[in-house]
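Where a number appears in this text, it was derived from the coordinates with a stated rule and is not lab data. Predicted, not measured: the structure shown is a model, and the values here were computed from it. Reconstructed Cβ throughout: ideal geometry from the backbone, glycine too, with neighbour counts over all protein chains shown.
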Amino acid sequence: MNFQEAMAAWQADQPLFEARGVSIPGVNSYIPDGWKSNWLLAMDAQPQLAGTSANSGVPMMFTTLVDPSVFQVLFAPLEAANILGEERKGTWLDQTAMFPTVEHTGETSSYGDFNENGRANVNTNWPQRQSYLFQIMKEYGDLELERAGLGRINWVSEIDQGAADILARTQNFSYFFGVQGLQNYGLLNDPNLSAALTPGTKAVHTPVWIFGGVVTATANEIYTDVQSLFIQLVNQSAGLVKPTDKLVLAMSPASSVALTTTNQYNVNVYDLLKKNFPNIRFETAMQYGVISASNPEGSAGGNMMQMIAETVGGQKTGYCAFNEKMKSSPIIRAVSSYKQKVTGGTWGAINRQPLGIATMLGI
């Protein structure tokens, strides 16, 4: 009797044994005749499998943990509105905006009882900006919704958040760089801004503040560069900007680390700036950093910074403007899917008084 015959005989007799209360778990065959006399055979060896493949476990999905906390990929913060402020102008129907500017003109003349010389006059300009509308589509199907649910992901909520985030990033980009081909400019490329200053000469690695990941400029050298920006503001505004005014100093997050550099009196640049410009605030944005693979929205000419007077002569220097933040169109139900359009609109950065902004490139 070979192994197959021994197994068949056991399967035929097993009901009889069980009927009499005999149960031997794990046994599925009698001992074949050849095995009884082969004393060299290891009786604890695994016999050949008859109908299944060798396996010692369970499917991997039964031993896989799905973390219920869903983590999102992080991006650089959106800082343009924090730097310059933000306002709504018009609606998504408006294509062009005009910003009236008035300049008082005239001349005086020597007094005489019968003289009628001298005139007061007004000159007006109407600078314009063009709006730019942009959109994104949200689409999802019944099957992908239910499959995502198996993975404990709220698919519709994630798509909604994704659409809002992408719209906000487009808006933020326009606030810094405007829209090419339109009269739509940003905080960094408005043609009405004065030319960027060059940093002062440094004792080491001129003219940059940071070289090879190390702050090589001294605290006094860094402070002098910031002073140069303020001097530029004073000159541009004919003295309207004062050290006690509300000022914004904006630069890249990496460049801002240099402001922690201390001088020989253990006073860092932050302290020097706060002492001499009591109403200054500090803002950072990746767009002020040098362009790179990890910072594609950076500056091609090197790290830059701007000093902005929030108001000049009681008038706001500028603001970021939008005509539509997030306009949702109706949700369209198809046979087994949904879609919805979401629209945003921007005027870019409206720099009403460019004389209140000074830029330095190459720090």
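Observations on the structure shown:
- For segment 52-96: rounded, prolate or oblate by the Cα gyration tensor [a/c cutoff 1.5]: prolate
- Hydrodynamic radius of segment 244-324 per Kirkwood, over alpha carbon pairs, in Å: 14.4 Å
- Between Ala203 and Asn276, the FRET efficiency from the beta-carbon distance, with R0 = 22 Å, is close to 0.45.
- Note on the chain: percent of Cα-Cα distances in each 10 Å bin, starting at 0 and stopping at the bin with the largest distance, equals 4, 16, 19, 15, 11, 9, 5, 5, 7, 6, 2, 1, 1, 0, 0.
- Added length on full extension, which subtracts the Cα-Cα distance from 0.36 nm per residue, Lys341 to Val257: 26.1 nm
- Charge sum, other residues only, whose C-beta stays under 12 Å from Gln11's C-beta, Lys/Arg counted +1 and Asp/Glu -1: -3
- In nm, spacing of pseudo-spin labels at Gln72 and Thr224 (7 Å Cα→C-beta vector): 4.6 nm
- Cα centroid of segment 263-309 to Cα centroid of segment 331-347, whole Å: 40 Å
- Along segment 222-227 the Karplus relation, 6.51 cos²θ - 1.76 cosθ + 1.60 evaluated at θ = phi - 60°, assigns HN-Hα couplings of 5, 4, 5, 4, 5, 4 Hz to successive residues, with x for each Gly and Pro.
- Residue ranges 184-190, 254-260 sort as 184-190, 254-260 when ordered by packing (mean number of other C-beta atoms within 10 Å per residue, highest first).
- What the Cα atoms of segment 228-363 give is an Rg and a Dmax of 20.2, 73 Å.
- Pairs of Lys residues in the chain, spaced 8 or more positions apart or belonging to different chains, with C-alpha separations under 26 angstrom: 24 in total.
- Ile31-Met60 FRET efficiency (beta carbon distance; Förster radius 56 Å; 0.05 resolution): 0.95
- Taking only the C-alpha atoms of segment 159-252, Rg followed by Dmax gives 17.8, 52 Å.
- Protection proxy ranking, peptides 170-181, 195-206, 150-161, 129-140, average beta carbon neighbours within 10 Å, highest first: 170-181, 129-140, 195-206, 150-161
- Backbone HN-Hα couplings from phi across segment 321-328 [Karplus 6.51/-1.76/1.60, Hz, Gly and Pro as x]: 10, 10, 9, 7, 7, 7, 9, 9
- For segment 261-294, applying the loop criterion from DSSP together with a ceiling of 13 other beta carbons within 10 Å to the chymotrypsin sites (Phe, Trp or Tyr not before Pro) yields Tyr265.
- Between Glu86 and Val214, the FRET efficiency estimated from the beta carbon spacing at R0 = 45 angstrom works out to 0.80.
- Segment 100-236: equivalent-ellipsoid semi-axes (sqrt of 5 x gyration tensor eigenvalues, Cα, Å): 51, 33, 11
- Placing a label point 7 Å from the Cα of Asn266 along the Cα-to-Cβ line, the residues of segment 195-225 whose backbone N sits under 20 Å from it are 218-220.
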